[in-house]
Amino acid sequence: MKAHLKTIAALALVAPVMAACASKGFVRNTLSEGLAAERAHTDSSVAAERTARMAADSSLTVDIASLRKDLDGLRTEFGAKITAMEEGLKFDMPVHFAFDDATVRAEDEALLNRFAQVAQKYYPGALITVEGFADPAGSVRYNLDLSRRRAEAVKDYLSSQGLSNELKTVGYGKTRLVVPNAWGSEPGAEQNRRVVFVIETRGEAGNAGVTSN
């Protein structure tokens with residue numbers, strides 16, 4: 001009888017231990033299954049991201065090739081000079097003005113139309129700054145105002161052609177002369193009466209189609 005009672009007592013002590021071990025094993029298995037499921041989900045997400053990135057890179061390559069072609073067209077057809085800068089792309093366009101005038105000339109409309117198409121296609125939403133300039137004739141204040149009016153005239157024309165980018169204007173007057181001291185009807189003076197476009201791009205991808213002039 002005493003032996004039987006000892007056996008029952010021993011089983012009573014062992015049962016909780018076995019139950020605890022079973023519980024730990026269950027928790028361990030549950031954790032392992034959870035980690036495996038989480039790892040599988042992560043692997044799946046990484047794979048999906050890699051696939052999406054590869055697809056985006058492929059489309060970007062096509063866009064860059066198309067962009068380079070259109071930028072080269074601006075250079076060869078219209079004589080534009082396009083360079084990459086820290087803040088974006090600089091388009092030095094042969095858009096000029098008559099002496100003491102801020103009217104967009106009819107002969108420059110084709111170039112402005114092409115620029116608007118390129119900007120709308122490849123740089124939608126990018127800020128575009130239109131910089132206006134003047135030749136050295138007249139006072140500093142007058143030329144600053146004249147160069148601003150030239151930039152505004154070009155901005156209005158681009159907007160009329162459907163360019164939906166945010167357009168900002170600034171006038172630099174008779175600073176940054178292309179041909180120093182040339183004004184009025186002197187040779188090279190027309191190059192001083194011009195506008196320059198700066199498109200704020202996003203890193204290397206935005207400048208990928210640009211080559212040195």
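The values are calculated or read from the model by the stated rules, or taken from the named source; none is laboratory data. Everything quoted here is computed from the prediction, not taken from an experiment. All Cβ positions, glycine included, derive from the backbone under ideal geometry; neighbour counts span all protein chains shown.
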Filtering the stretch 169-190 down to residues that are assigned to a helix (DSSP H, G or I) and out of contact with any strand residue (DSSP E or B) (no Cβ under 7 Å at 6 or more places or on another chain) yields Ala189
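This table checks each residue for (1) over 24 Å from Leu71 (Cα atoms); (2) touching a strand residue (DSSP E or B) at 6+ places or on another chain (Cβ under 8 Å); (3) in contact (Cβ under 8 Å) with a residue 60 or more places away in the chain.
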position	(1), (2), (3)
Phe91	no, yes, yes
Asp108	no, yes, no
Ala126	no, yes, yes
Ala151	no, yes, no
Asp156	no, no, no
Glu166	no, yes, no
Ala151 fails exactly one of (1) exposed (fewer than 14 other Cβ atoms within 10 Å of the Cβ); (2) within 24 Å of the chain's Cα centre (by Cα); (3) small (Gly, Ala, Ser), namely (1)
Item to complete: For the stretch 80-94, indicate whether the set of residues that are in contact with a Ser or Thr (Cβ under 6 Å, 6 or more places away or on another chain) and basic (Lys, Arg) is non-empty.
Response: yes
All-but-one check, Gly173 against (1) surrounded by fewer than 19 Cβ atoms within 10 Å (Cβ to Cβ); (2) at pLDDT 95 or above, failing number (1)
Matching residues in the stretch 120-142 (at pLDDT 95 or above and in contact with a Leu (Cβ under 7 Å, 6 or more places away or on another chain)) number 4
Residue count, the stretch 154-168, condition acidic (Asp, Glu) and either crowded, with 20+ Cβ neighbours inside 10 Å or not in a helix (DSSP H, G or I) (or both), comes to 1
If you check Ser164 against the conditions, is it at pLDDT below 95, within 23 Å of Leu111 (Cβ to Cβ) and of a type in the set (S, T, N, Q)? yes
If we keep only residues of the stretch 127-148 that are among the hydrophobic types (A, V, I, L, M, F, W, C) and within 21 Å of Ser185 (Cβ to Cβ), then the residue surrounded by the most Cβ atoms within 10 Å (Cβ to Cβ) is Ala134
Looking across the stretch 91-122 at residues that are closer than 22 Å to Gly173 by Cβ and not hydrophobic (A, V, I, L, M, F, W, C), the single one that is nearest to the chain's Cα centre (by Cα) is Asp92
